[in-house]
Amino acid sequence: MTREDAGTRTSRHTPRPAPVFLRGVEETAYRELTAPDAWLPYSDTQPTLRALRARGLRIGIVSDFAWDLRVHLAHAGLEDLIDGCVISYEQGREKPDPQLFLKACADLGADPRATLMVGDNPVRDGAATACGLRAYILPAEHRTGERGLAEVLRLVA
């Protein structure tokens, strides 16, 4: 994503112009969105990822971010708990495109039929089921506290 693209979605199609409220401040919006501390994990993220790692499971991220989310993972101390990232802006496509989920599985060396996709959007993330993955859609976002990720540990038991 370039600074000029801030506020637009990255896809195979022509990006949409920045929303009216961002026009003229694209550079600032880009800096704010991509700053390492701009995104913070929920309080149950790290314990859940550590528990999954302790079980020997490989963990990947499929993200619609239009920039490199790895800076946020590193800032939060999570980068060593993630085995791979498939990010929309690098692939030139967005969820629910099945190729994103299949690439993540291939990168992890995982059979899609033995893979759980955990997401928060029934349409975009739930589309992983079209590729054979199972999907767990998290409850509606609360913005603070735990996100409900501990349930994932029960699902992969």
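The values are calculated or read from the model by the stated rules, or taken from the named source; none is laboratory data. For clarity, every value in this text was computed on a predicted model and none was experimentally measured. Note: accessible area is taken over every heavy atom of the protein model, side chains too, but ligands, DNA and RNA are not part of it. Shrake-Rupley method; radii C 1.70, N 1.55, O 1.52, S 1.80 Å.
General observations
- Inverse of mean 1/r across different Cα pairs in the chain, Kirkwood, Å: 16.6
- Largest first, the extents of the alpha carbon coordinates of the stretch 88-157 on the three principal axes equal 32, 28, 18 Å.
- Solvent exposure, largest accessible area first (probe 1.4 Å, DNA, RNA and ligands not counted), of R55, R124: R55, R124
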